[in-house]
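Quick note: the coordinates plus some simple rules give every number you see, no bench work behind them. In this text, all values refer to a predicted model and were calculated from it rather than measured experimentally. Cβ: placed from backbone, ideal geometry, glycine included. Neighbour counts: every protein chain shown.
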Amino acid sequence: MNIYFYHTVIGKIGIAETDGSITNVFFEKDRLPQDVTEAETPVLIEAAQQLNRYLIGQLQEFTLPLSPVGTPFMKSVWVELCHIPYGQTATYKEIALKTGNGKAARAIGLANNRNPIPVFIPCHRVIGSNGTLTGYRGGLGVKKILLDIERK
């Protein structure tokens, strides 16, 4: 796994890739795996460029090869997250219904929390059923910034 760190408006972000696909995004407080090599590769450069364009409101959809590692259920949730349109939000229950189990809102929350590629897989677009911002690995402040960027 190759990783490279970029300074952004949401803090220092580590983007990781393996075999030409993005596998992880790390926020400053995240623990890094031990078997990583710090190297900037072409796909990481492209990911950073797209991320910066997104963060200044010039990009609404990422076009990167993504390879998140997770269970089949988690992967199905992450696919649904990618279907939430830019500038919109969905609740955990709405995602649960789309994955075929309306009673799985808590499991959706867990899959959301374990999303290894936040921002690129937009778990920040999932909110509580009462419209409040709920947990985000990068912190609620970062989640609010991302949603504000998309609402402009």
With +1 on each Lys and Arg Cβ and -1 on each Asp and Glu Cβ, and nothing else charged, work out how big the dipole of the chain is about its Cα centre, in Debye to the nearest 20.
780
Report, in listed order, any pair from 98/152; 75/98; 12/144; 29/93; 29/144 with a Cα-Cα distance greater than 20 Å.
98/152; 29/93
By how many degrees, 0 to 90 and rounded to 10, does the Cα axis of helix 42-55 deviate from the longest principal axis of the chain?
50
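Once you sort the root eigenvalues of the Cα gyration tensor of the range 2-55 as a ≥ b ≥ c, which label holds: rounded (a/c under 1.5), prolate (a/b larger than b/c) or oblate (the other case)?
Working: a/c = 2.12, a/b = 1.15, b/c = 1.85.
Cα axes put the range 2-55 in the oblate bin.
Set the Förster distance to 25 Å, then compute FRET efficiency between residue 79 and residue 106 from the Cβ-Cβ distance, nearest 0.05. List each step's numbers first, then the result.
On the way: r = 19 Å, r/R0 = 0.76.
Computed FRET efficiency for residue 79 and residue 106: 0.85.
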Take residue 114 and residue 63, extend 7 Å from each Cα along the Cα→Cβ direction, and tell me the distance between the two endpoints in nm.
3.2
If you take the charge dipole of the chain about its Cα centre, with +1 on Lys and Arg Cβ and -1 on Asp and Glu Cβ, which of 133, 116, 6 is farthest toward its positive end?
133
Loop-only check: which chymotrypsin sites (Phe, Trp or Tyr not before Pro) in the range 62-142 are DSSP coil with at most 14 other Cβ within 10 angstrom?
86
For the chain, what is the mean residue ellipticity at 222 nm derived from helices alone (per DSSP H run of n ≥ 4: -39500 (n - 2.57); sum divided by total residues; nearest 500 deg cm²/dmol)?
-10500 deg cm²/dmol
Around residue 75, under 15 Å between beta carbons, what's the net of Lys plus Arg minus Asp minus Glu among the other residues?
+1
Two pseudo-spin positions, 7 Å from Cα along C-beta at residue 38 and at residue 21, lie apart in nanometres by 2.7
Could you work out how far the C-alpha centroid of the range 109-152 sits from that of the range 47-89, in angstrom?
11
With an 8 Å cut-off on Cα pairs and a minimum separation of 6 or more residues, tell me the relative contact order of the range 72-151 in percent.
33
Choice from 32, 66, 55 showing the highest fluctuation, given a GNM over the chain with Cα pairs closer than 10 Å
32
Summed over the other residues with a beta carbon less than 12 angstrom from that of residue 90, with K and R at +1 and D and E at -1, the charge totals +1
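So what is the relative contact order for the range 46-105, in percent, with contacts set as C-alpha pairs under 8 Å and at least six apart?
Working: 31 pairs, mean separation 12.4, N = 60.
RCO, the range 46-105: 21 percent.
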Using a cut-off of 20 Å between alpha-carbon atoms, which aspartates and glutamates can reach residue 143, once sequence neighbours fewer than 8 places away in the same chain are excluded?
28, 30, 61, 80, 94
With residue 111 itself left out, Lys, Arg at +1 and Asp, Glu at -1 over residues whose Cβ is under 12 Å from its Cβ give +2
